[in-house]
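Accompanying notes for the structure given below.
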Amino acid sequence: MGARASLPLNGIPASPGIVVGAAHLLRWEVPEVPTRVIPDEAIPAELERLNAALRKAVERLQYVRERAERTAGAAESAIFDVQISVIQDEELAGRVRLMIGQGFTAERAFDTVMVESREHFARSANAMMRERVGDLTDVHIRVLSVLLGLPDYDPVDLPKGANAILITHDLTPSLTLQLDRECIAAIATDAGTRTSHVAILARSLGLPAVVGLLDATTRIETGDRVILDGTAGTLLVRPTTAELSQADARSRAEALQRAQLAKVAGAEAITADGVRLTLRANVDLPDEVGTAATSGADGVGLMRTEFLVVGRASMPTEDEQYESYSNVIRAFDGRPVVIRTFDVGGDKLPVGGYPHEPNPFLGWRAIRMCLDEPELFKTQLRALLRAAVHGDVRIMLPLVVSVDEVRQARFLLEESARELAARGIAHRADIPLGVMIETPAAVLTADALAAEVAFFSIGTNDLVQYTLAVDRGNASLASRFTPLHPAVLRLIRRTVRVGADHGLDVSVCGEMASEPIMAFALIGLGVRTLSVAPLSVPAVKQIIRGIHTSVAAEAVTRACDAGTPAAAEAVLRAALEQELSENP
């Protein structure tokens with residue numbers, strides 16, 4: 001039999017870079033369980049098979065836990081203690097043994113009991129029970145994989161320097177925690193879009209990534225040689241010698257381009273007609289701080305605090321949060337640091353123990369969750385107030401749709417300050433409070449919100465999603481997720497004008513700001529503060545220095561009046577290309 005032909009797969013570019021390596025297929029989903037009835041004489045052997053599987057799963061989790069503790073810390077690795085306790089729960093195991101005694105195979109009995117348990121916990125009114133759903137799912141997958149004799153696809157098994165390309169359906173919090181960056185060189189997923197959690201995470205880690213491949217996990221085998229192009233959004237399986245040579249040439253060209261852009265990092269963000277912009281960095285992970293601080297950014301425009309709790313069994317303590325925030329603030333040495341309160345929900349659940357919802361983007365998330373869980377929220381607010389003594393800190397509230405939410409948050413912030421004062425703990429109580437503009441409701445009531453806050457930050461990822469009714473995490477709808485839709489441009493323009501009328505700074509911190517054509521549009525709309533992924537700072541700075549704001553403003557006015565997103569993009573692209581050709 002001859003060698004299999006190369007297989008090109010097209011997805012969505014999520015994080016730039018070209019990597020050649022071996023595919024590592026990670027199937028982390030509940031497997032299908034065949035129905036089979038066993039005779040009475042086979043029951044003892046089936047019970048022993050169950051016991052052996054439970055022992056093996058515990059041994060494996062202990063290994064995973066030890067490794068996670070070494071790489072991520074004791075607090076983060078505690079999620080695996082919870083999973084071990086689930087497996088060792090005698091009441092649960094007793095229910096499985098009872099079903100085996102009725103003639104079910106060990107895998108069918110375990111599958112049935114786990115499905116019932118997950119549904120029961122998900123419906124519970126008790127938050128402590130609901131928070132176990134994610135752990136139950138991981139245990140469900142792990143034990144069934146042992147019982148069915150499936151390969152153990154944990155990412156921790158890779159040797160150091162494996163240069164592997166991780167192929168999986170999606171990245172869950174517990175899988176994210178297990179990733180070893182010394183082994184994983186790139187990520188490819190069936191699910192996701194450019195603004196989904198996995199894409200943002202990949203850019204934060206500096207890992208090339210392609211998402212939205214839909215069925216890559218069914219078409220690739222572990223060990224297949226793969227070329228992943230995170231810039232083009234392609235995955236080439238089993239490439240030819242000529243294709244490998246072409247990939248190497250593209251990789252060297254990208255490396256040269258990055259080296260040239262690095263020279264721009266220290267330059268000022270001033271347009272060709274002398275308008276000064278503020279360019280800040282988004283910070284997603286604590287260990288990204290060094291890269292962000294030296295990227296040429298003028299501070300942090302968005303610190304995503306929910307990444308502090310991804311993969312944990314419980315929310316972090318006040319002291320843990322204080323240390324994390326303080327590290328970022330100190331690294332930026334007096335430059336502004338805008339920290340967003342927990343935006344838990346959407347594509348970031350389950351996290352910190354909260355379960356996934358049927359319709360999460362329209363569900364219990366962000367400021368709604370924080371206001372409904374005041375003690376959880378005040379723990380974060382106290383940590384922020386304490387950390388603020390180390391620099392210029394600003395607090396930002398996500399997904400605000402009404403003035404009432406701002407007032408409730410301010411009340412809790414003031415209450416948190418009083419509690420710290422009563423404890424005699426150093427803190428700052430004069431932190432500016434701002435809101436993210438992420439929904440049409442927030443845009444249309446921006447004038448009322450402006451009277452309550454110190455600044456606006458437009459979250460374009462969600463603004464596009466809610467304006468166009470397109471799930472930003474749905475790969476099947478990726479072509480309809482169009483930030484340059486005239487409706488989105490008009491909403492941004494309105495927000496900027498309201499901010500100007502009230503003397504408020506208006507920034508954009510969504511992924512839209514990282515794209516050259518979109519940064520051009522935002523500048524034309526009057527935005528003067530952009531926040532982007534640290535690795536994107538030099539490229540965006542180069543765009544800023546090569547354009548005139550007057551040209552951008554004229555082009556975006558025509559784009560706002562265009563009939564379609566494609567027409568709007570064509571207008572902006574032509575204007576930008578003309579600008580860059582005249583101002584190289």
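The values are calculated or read from the model by the stated rules, or taken from the named source; none is laboratory data. Just so it is clear, the structure is predicted and the values come from calculations on it, not from any experiment. With ideal geometry, Cβ positions are generated from the backbone for all residues, glycine too; neighbour counts draw on all protein chains shown.
Report the residue count in the range 427-450 for those that are within 23 Å of L384 (Cα to Cα) and out of contact with any Gly (no Cβ under 6 Å at 6 or more places or on another chain).
Adding up the residues that qualify gives 12.
For the range 425-438, indicate whether the set of residues that are in a helix (DSSP H, G or I), touching a residue at least 40 places away in the same chain (Cβ under 8 Å) and either under 20 Å from R365 (Cα atoms) or not hydroxyl-bearing (S, T, Y) (or both) is non-empty.
Within the range 425-438 (the criterion being in a helix (DSSP H, G or I), touching a residue at least 40 places away in the same chain (Cβ under 8 Å) and either under 20 Å from R365 (Cα atoms) or not hydroxyl-bearing (S, T, Y) (or both)), the answer is no, since none of the residues qualifies.
Which one is surrounded by the most Cβ atoms within 10 Å (Cβ to Cβ) among residues in the range 237-266 that are at pLDDT 90 or above and touching a Lys or Arg at 6+ places or on another chain (Cβ under 9 Å)?
My answer is V237.
Which ones in the range 432-452 are buried (at least 20 other Cβ atoms within 10 Å of the Cβ) and under 25 Å from S326 (Cα atoms)? Don't jump to the end; show me each part of the working.
The initial filter retains those residues of the range 432-452 that are buried (at least 20 other Cβ atoms within 10 Å of the Cβ), namely 434-438, 442-443, 446, 449-450.
Passing the criteria: G434, V435, M436.
Go through the range 532-584 and report how many residues are among the small types (G, A, S) and surrounded by 16 or more Cβ atoms within 10 Å (Cβ to Cβ). Lay out the reasoning, then the answer.
Keep residues of the range 532-584 that are among the small types (G, A, S), which gives 533, 536, 539, 546, 550, 552-553, 555, 559, 562-563, 566-568, 570, 574-575, 581.
Now restrict to residues that are surrounded by 16 or more Cβ atoms within 10 Å (Cβ to Cβ): 533, 536, 539, 546, 552, 555, 559, 562, 568, 575.
Here the count works out to 10.
Can you pull out every residue in the range 520-543 that is at pLDDT 95 or above and part of a helix (DSSP H, G or I)?
Residues satisfying the conditions are F520, A521, L522, I523, G524.
Any chance the range 13-30 includes a residue that's at pLDDT below 90, of a type outside the set (D, E, K, R) and touching a Lys or Arg at 6+ places or on another chain (Cβ under 6 Å)?
Yes, that holds for at least one residue.
Would you pick out the residues in the range 431-459 that are within 16 Å of R410 (Cβ to Cβ) and more than 30 Å from the chain's Cα centre (by Cα)?
A448, A451
In the range 454-471, what residues are surrounded by fewer than 24 Cβ atoms within 10 Å (Cβ to Cβ) and part of a loop (DSSP other than H, G, I, E, B)?
A454, A469, V470, D471, listed by residue number.
Output the residue which, of all residues in the range 359-388 that are within 22 Å of A122 (Cβ to Cβ) and over 20 Å from the mean Cα position of the chain (by Cα), is modelled with the lowest pLDDT.
E373
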